[in-house]
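The values are calculated or read from the model by the stated rules, or taken from the named source; none is laboratory data. The model shown is predicted, which means the values in this text are computed figures rather than measured ones. Neighbour counts run over all protein chains shown; Cβ positions are idealised from the backbone, glycine included. In case anyone asks, the SASA skips ligands and DNA or RNA and just uses the protein heavy atoms, side chains included. Shrake-Rupley method; radii C 1.70, N 1.55, O 1.52, S 1.80 Å.
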Amino acid sequence: MLFATGLRQGAKRLLLVLVSVSLLGACSESDDINEASTPSTETTSTAGPSASPGPIVFKRAGGEPGIYAVNPDGTNLQAVFEGAAEYPRWSPDGTEISIFCCDNGMAAHFVDVATGELREFPPPDPTLETHCGFAWSPDGETMACESYGVDDPARNGIYTIRTSDGGDLSRITSNPGGGDIPGDYSPDGTRIVFVRSQDDVPVGIYISNVDGSGLRQLTPPDMILDDSGFGGRWSPDGNRILFVARTAEDHHKAIWTVDADGGVPEQLPITPACGGPNADPNAYGCYSPSWSPDGEQIVFTRSDPSTESVYIVNTDGSGLVQVTDGEDDSPIWGTPTG
């Protein structure tokens, strides 16, 4: 399977910090955005404006590893969870963040951002290997899971659980012997985007109705997709989907978009460009993209040979700005409040 938790450090102590959206200030859309911007990493409890474009949560691997939240302008960095953890995802109402943590990739974990309380749900079916936390339904009531039959590969596919108690296991897709990793729900909650793999190799970005009907492949069969299992992100208006691919096997990753109803994928023209040859010391890899709540910007991870950090760029590829300067990945933009 493509998903690997990598959570073997055993650090599980939760920081009881307030990371509610109302306490994280915002950067105005009119702020200047440029490559030379220097992100602030100062942690502060000063309350920000009552309305915000939403803080960004991400995984930090270096220094003090954990899940962190930061304003889009790089200010007010705060720890949400201390220790090895991956794949944070905001709940639609901004009250919780789902994470993979605690040396148990098969349990669903939810952090309450107001109290720091950690909820954990064990796997709902002992005959099914489930990794839940990749995508919340828009109403926040269900969560999509990458799942594999323990003894029966015919059961492989995407399932959902109820976020209130981890129950009501329901199947969406079927991929006998292969793997489907959920990426995101459509804004209206009727469809889901995911990456499908065979023999641990991603073969396409797909969409399906949540009842399993209407299966469609959005990417060409020969496209070299992100081998980390990134399943795609749906734009807030429902029209476009972000995904990650390479133009050649010996090239870095780059960010692409495709129409949600099908069409020719287009690479996001970020400057400096992403996706150059691995042998080029000045080339960058770009991956783990997520839309801003208004759909006007994209937050993502950009890496070079020395580090990887969180960046923001406009949807036309202009206005690149650095947000963090740590070993950071998997950023997700929060929902506006106020």
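Among Ile205, Ile192, Ile181, which is the only one that is within 20 Å of Asp125 (Cα to Cα), under 20 Å from the mean Cα position of the chain (by Cα) and not small (Gly, Ala, Ser)? Spell out the reasoning first.
Values: Ile205 fails: within 20 Å of Asp125 (Cα to Cα); Ile192 fails: within 20 Å of Asp125 (Cα to Cα).
It is Ile181.
For segment 120-165, which positions are part of a strand (DSSP E or B) and open to solvent by 60 Å² or more (accessible area, probe 1.4 Å)? Give the derivation first.
In the first step, residues of segment 120-165 are kept if they are part of a strand (DSSP E or B); the result is 120-121, 128-136, 142-149, 157-162.
Hits for segment 120-165 are Glu120, Arg162.
Please work out if Thr173 is at pLDDT 95 or above, among the polar types (S, T, N, Q) and either part of a strand (DSSP E or B) or crowded, with 24+ Cβ neighbours inside 10 Å (or both).
Details: at pLDDT 95 or above: yes; among the polar types (S, T, N, Q): yes; either part of a strand (DSSP E or B) or crowded, with 24+ Cβ neighbours inside 10 Å (or both): no.
Criteria not met by Thr173.
Exactly one of (1) within 22 Å of Ser318 (Cα to Cα); (2) more than 20 Å from the chain's Cα centre (by Cα); (3) open to solvent by 30 Å² or more (accessible area, probe 1.4 Å) is unmet by Glu296. Its number?
Result: Glu296 fails condition (2) only.
Can you tell me how many residues in segment 203-218 are in a loop (DSSP other than H, G, I, E, B) and either of a type in the set (A, V, I, L, M, F, W, C) or open to solvent by less than 10 Å² (accessible area, probe 1.4 Å) (or both)? If you could, list the steps in order and put the result at the bottom.
Applying the first criterion (in a loop (DSSP other than H, G, I, E, B)) to segment 203-218 yields 210-215, 218.
Then keep just the ones that are either of a type in the set (A, V, I, L, M, F, W, C) or open to solvent by less than 10 Å² (accessible area, probe 1.4 Å) (or both); that gives 210, 215, 218.
Residues flagged as in a loop (DSSP other than H, G, I, E, B) and either of a type in the set (A, V, I, L, M, F, W, C) or open to solvent by less than 10 Å² (accessible area, probe 1.4 Å) (or both) within segment 203-218 amount to 3.
Do you know which of the residues in segment 190-202 that are part of a strand (DSSP E or B) and among the β-branched types (Val, Ile, Thr) is nearest to Val258 (Cα to Cα)?
Val193
Among the residues of segment 226-263 satisfying the criterion of being within 13 Å of the chain's Cα centre (by Cα), open to solvent by 20 Å² or more (accessible area, probe 1.4 Å) and modelled with pLDDT of 95 or more, which is farthest from Pro281 (Cα to Cα)?
Only one residue tops the list, namely Arg233.
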